[in-house]
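A.B. asks: Provided herewith is a single structure, encoded as C-alpha cells, for subsequent inquiry.
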Amino acid sequence: MTGSTLFTDAMALSSAGDGVYGGVLNEHWTIGPKVHGGAMLALCANAARAELTGMDRADGAEPIAVSGSFLWAPDPGPMEVVTTVRKRGRRVSLVDVELNQQGRTALRAAITMGAPEQHVPPLLSVNPVLALMTPDPPPGLEPIGPGHPMADIVHLAHGCDIRPSLTTFTPRSDGGPPLIEYWVRPKGVAPDVLFALLCGDVSAPVTFGVNRFGWAPTVQLTAYLRARPADGWLRVMCTTTQIGQDWFDEDHIVVDCEGRIIVQSRQLALVPAAGG
C-alpha cells in the first residue's frame, strides 16, 4: 500500500464550490478490498461541517447525529461529496450529503449539526462500558498487525492502533448474547469527532457470536455524537438485540479515557451466509 496512513489525511476534502467537495477514499481505511463504512460516514460528516463553516450561527457545530444509507460498496480511489443545506438554525442545522464515485451514489446521509455536550455531568447515564473495560488495553493485548489473525482483513489498522479482545469474538460458553470489546486510537494524532464516529462502526460483525462469518454489508447506520473525545484510548463495546436469518442489528458504545460516552450507534445489516 502507498500514501498517507494518517486519519486526518484520509478525511481531507477540497471544495469545488456549490456544496461539492472532492477527496479520496483512502486505501488504508478499508476492510478487505472495500472502504470502511465508518470512514465514509465520517467523510460525509466532515463535508457537512465544512459546508457550514463560516455561517454566523454554526460556530462550534459538530455532526451530533449521522444517519446513512449504504447503496453499494465503493473501492479506494477518487470520490465526490455533494452537500445540500436543508436548515440553518440557531442550535440545530441539517445537511443532506451524497458520497459519489464514478457517477454512482455509494452513500446517502442526513447530518444533524449542533453543539455536543462537553464537560458537564449528565442528569442520567447508563454506561455499561465502565464496569467491563479499563481505560487502557489490558497488558499483553496485541494490536492488529503482522501475524495477527485479523491483519489481512482489517487494513484500517495501518492508520490506527486497534486492539480487539479476541476472547469476546467466539460464541459464549454461557449461551449469552455476543459482546465484542475493542480499544482503539489513531496513530500520530489525537482522536477527534470524526474518528469517534468511525469507531461507531469499528467492530467485526456480531454474527461471529453465532458462527456466521464473512461479509455482512451494512444497509443503514445511525450514530449519535454525545461529546468530543479526550486524547487517549477509545473503548468500544459492540452488542446486538437480535440476529435473524436475514437481518441483524449491531450497537456500538464508544467511551473515552475519561469515562464519557462519546458515540452511540446502531446499524441494520445482512447476516452472512452459512459457511461464509
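The values are calculated or read from the model by the stated rules, or taken from the named source; none is laboratory data. What you see is a predicted model; the values in this text were computed from it and never measured. FYI the Cβ positions are ideal-geometry reconstructions off the backbone, even for glycines, and counts take in every protein chain you see. Accessible surface areas use protein heavy atoms only, side chains included; no ligands, DNA or RNA. Shrake-Rupley method; radii C 1.70, N 1.55, O 1.52, S 1.80 Å.
A.B. asks: Just add up the charged neighbours of ASP161: K/R +1, D/E -1, any other residue whose Cβ is under 9 Å from the Cβ of ASP161.
C.D. replies: +3
A.B. asks: If you don't mind, another one. With the cut-off at 1.5 for a/c, could you classify the stretch 44-175 from its C-alpha gyration tensor as rounded, prolate or oblate? Mind showing how you got there, number by number?
C.D. replies: Details: a/c = 2.43, a/b = 1.38, b/c = 1.76.
Oblate shape, in that a/c is at least 1.5 and b/c is the bigger or equal ratio.
A.B. asks: Using a 1.4 Å probe and counting only protein heavy atoms, arrange HIS148, HIS158, HIS119 so the residue with the most accessible area comes first.
C.D. replies: Numbers: HIS148 30, HIS158 80, HIS119 130 Å².
These residues rank, largest area first, as HIS119, HIS158, HIS148.
A.B. asks: Rounded, prolate or oblate: which fits the stretch 57-100 when a ≥ b ≥ c are the square roots of the eigenvalues of the alpha-carbon gyration tensor, with rounded for a/c under 1.5 and prolate only if a/b beats b/c?
C.D. replies: Prolate, since a/c reaches 1.5 and a/b exceeds b/c.
A.B. asks: In debye to the nearest 20, how big a dipole does the stretch 1-107 give about its Cα centre with +1 on each Lys and Arg Cβ and -1 on each Asp and Glu Cβ?
C.D. replies: Numbers: 9 positive and 11 negative charges, 86 e Å.
I would put it at about 420 debye.
A.B. asks: Under a 1.4 angstrom probe, counting protein chains only, how are ARG108, ARG91 ranked by accessible area, largest first?
C.D. replies: Details: ARG108 140, ARG91 205 Å².
Most to least solvent-accessible, the answer reads ARG91, ARG108.
A.B. asks: Can you give the longest stretch of the chain with no exposed loop site, where a site means GluC sites (Glu not before Pro) in a DSSP loop (not H, G, I, E or B) with at most 16 other C-beta atoms within 10 Å? Write down the numbers at each step before the final one.
C.D. replies: Working: sites that count: GLU117, GLU258.
After excluding every exposed loop site, the longest remaining stretch is 118-257.
A.B. asks: Accessible area, 1.4 Å probe, largest first: how do SER165, SER69 sort?
C.D. replies: Largest accessible area first, the residues go SER69, SER165.
A.B. asks: Under the classification rounded if a/c is under 1.5, otherwise prolate if a/b is larger than b/c and oblate if not, where does the stretch 142-276 fall, given a ≥ b ≥ c as square roots of the Cα gyration tensor eigenvalues? Intermediate values should be presented prior to the final figure.
C.D. replies: On the way: a/c = 1.78, a/b = 1.38, b/c = 1.29.
Prolate, because a/c is 1.5 or more and a/b exceeds b/c.
A.B. asks: Return the carbon/sulfur percentage of the accessible area of the chain, one whole number, probe 1.4 Å, all protein chains in place. Don't skip to the end; give the middle numbers.
C.D. replies: Working: 6940 of 13040 Å².
Carbon with sulfur: 53 percent of the solvent-accessible area.
A.B. asks: OK, next. Using the heavy atoms of the protein chains and a 1.4 angstrom probe, tell me the accessible area per residue for the stretch 65-106 in square angstrom. Could the numbers behind the result be given before it?
C.D. replies: Numbers: 2330 Å² over 42 residues.
Using a 1.4 Å probe on heavy atoms only, each residue of the stretch 65-106 averages 56 Å².
A.B. asks: What accessible area per residue comes out for the stretch 165-225, rounded to a whole number of Å², with a 1.4 Å probe?
C.D. replies: Details: 2480 Å² over 61 residues.
On a per-residue basis, the stretch 165-225 sits at 41 Å².
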